[in-house]
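*Asks:* For reference, the structure I am asking about is given below.
The values are calculated or read from the model by the stated rules, or taken from the named source; none is laboratory data. The model shown is predicted, which means the values in this text are computed figures rather than measured ones. Neighbour counts run over all protein chains shown; Cβ positions are idealised from the backbone, glycine included. Areas reflect the complete protein model, heavy atoms only, side chains present, ligands, DNA and RNA absent. Shrake-Rupley method; radii C 1.70, N 1.55, O 1.52, S 1.80 Å.
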Amino acid sequence: IDNFNVYFMNVTDDFAHLKHSAVLKVHGSGQMMRTAKLNFVLVMPYFSPDNQFWFSAQTSRFNLTKLNSLAQNIGGISIKSGYGKTNIQYLSGNDQVAKGNMLFLYKNLKLRLYNRKKAKISKGMGSPFVNFLLNNLIIRSNNPKFLKPPRKGIIYFERNPRKSFINYLWKSCFSGIQSTMGFNNKFQRRAKKTEKKTSEENLKAKK
């Protein structure tokens, strides 16, 4: 992140006179990957037994290939093309896990498998077929699709205590991006089913 500006609210070391509900607020802005404008808000209670926090963020439209350093190392995929923007509506986390939801809107997204050991785009015997499945059956090149509401991403990531808090935030947000594209873990699949069921029940109730 370049051209980084941060504004802190309620900063103090006088804990004896703080209310139990007191929180530290951090408002930040900058340029992510030297291409996208980023704005975020981080809220951290002073007296949380499990270090609870809340996070929200938005970016402007940017070239998604700029995320390859993250996508290749975390997801084992390489972004071949695409433009998009993100809106992390709500992320809540603590020392153990982060959960939330986000909107990741994109166009003309194309992916390829990535071979970490060789540190290059994989070109094995099975990769052309798998890449075809990846881009034609699993991934939809646009979100939202024509005349359809955008697909939401479910954020879920369990923290590695040996990694930094920034690493924790990055990987939590990336889990939401993966969820939007169709890569969901057990918790995310369950959350999506519950959300779909609730939406269907609400539609029936309106009728």
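*Asks:* Using the eigenvalues of the Cα gyration tensor, what equivalent ellipsoid semi-axes result for region 1-104 when each is taken as the square root of five times the eigenvalue, whole Å, largest first?
*Replies:* Value: 31, 16, 11 Å, ordered largest first.
*Asks:* Can you give me the distance in nm between label points at ASN108 and ASN94, each placed 7 Å from the Cα along the Cα-to-Cβ direction?
*Replies:* 4.5
*Asks:* How high is the relative contact order of region 43-107, in percent, with contacts defined as C-alpha pairs under 8 Å that are six or more residues apart?
*Replies:* RCO, region 43-107: 33 percent.
*Asks:* Hey, what do the phi angles of region 173-183 turn into as Karplus ³J(HN,Hα) couplings, whole Hz, using 6.51/-1.76/1.60 and θ = phi - 60°, x for Gly and Pro?
*Replies:* Listing the rounded values in order: 5, 5, 4, x, 5, 4, 4, 4, 7, x, 9 Hz.
*Asks:* Next up: Can you work out ³J(HN,Hα) from phi for every residue in region 2-16, in order, using Karplus 6.51 cos²θ - 1.76 cosθ + 1.60 and θ = phi - 60°, giving whole Hz and x for Gly and Pro?
*Replies:* For region 2-16, the Karplus curve yields 10, 6, 7, 10, 10, 10, 9, 10, 6, 7, 7, 10, 8, 5, 5 Hz.
*Asks:* Of the peptides 156-165, 172-181, how do they stack up when ordered by the mean number of other Cβ atoms within 10 Å, highest first?
*Replies:* 172-181, 156-165
*Asks:* Is there a pair in LYS80/LYS192; LYS66/LYS99; LYS25/LYS85; LYS85/LYS186; LYS19/LYS152 whose C-alpha atoms are over 30 Å apart, and which pairs would that be? Mind showing how you got there, number by number?
*Replies:* Numbers: LYS80/LYS192 27 Å; LYS66/LYS99 25 Å; LYS25/LYS85 24 Å; LYS85/LYS186 26 Å; LYS19/LYS152 36 Å.
From the list (LYS80/LYS192; LYS66/LYS99; LYS25/LYS85; LYS85/LYS186; LYS19/LYS152), the Cα-Cα distance tops 30 Å for LYS19/LYS152.
*Asks:* Further question on the same structure: Rounded to a whole number of µm²/s, how large is the Stokes-Einstein D of region 145-207 at 20 °C and 1.002 mPa s, given Rh as the Kirkwood radius over C-alpha pairs?
*Replies:* 160
*Asks:* Starting from the amide H of SER81, placed 1.01 Å from N in the peptide plane, find each other amide H under 5 Å away whose residue is 5 or more places distant or on another chain.
*Replies:* Under 5 Å from the amide H of SER81: LYS110.
*Asks:* Using a cut-off of under 17 Å, list every residue of region 25-43 whose amide N is near the label point 7 Å from the Cα of SER60 along the Cα-to-beta-carbon line.
*Replies:* 28-40
*Asks:* Okay, moving on. Hey, what's region 6-120 come to in accessible area per residue, 1.4 Å probe, Å²? Please list the in-between numbers first.
*Replies:* On the way: 6550 Å² over 115 residues.
Heavy-atom accessible area per residue stands at 57 Å².
*Asks:* Could you work out how far apart the two model spin labels at PHE15 and MET44 are, taking each label as a point 7 Å from the Cα in the direction of the beta carbon, and quote it in nm?
*Replies:* Reported label-point gap for PHE15 and MET44 is 1.3 nm.
*Asks:* VAL97's amide H: which non-local residues (gap 5+, or another chain) put their own amide H closer than 5 Å, with H modeled 1.01 Å from N in plane and none for Pro or chain starts?
*Replies:* Residues meeting the amide H criterion: ARG159.
*Asks:* Per-residue HN-Hα couplings for region 34-40, Karplus 6.51 cos²θ - 1.76 cosθ + 1.60 at θ = phi - 60°, whole Hz, x for Gly and Pro?
*Replies:* These are the phi-based 3J(HN,Hα) values: 6, 9, 10, 6, 10, 10, 8 Hz.
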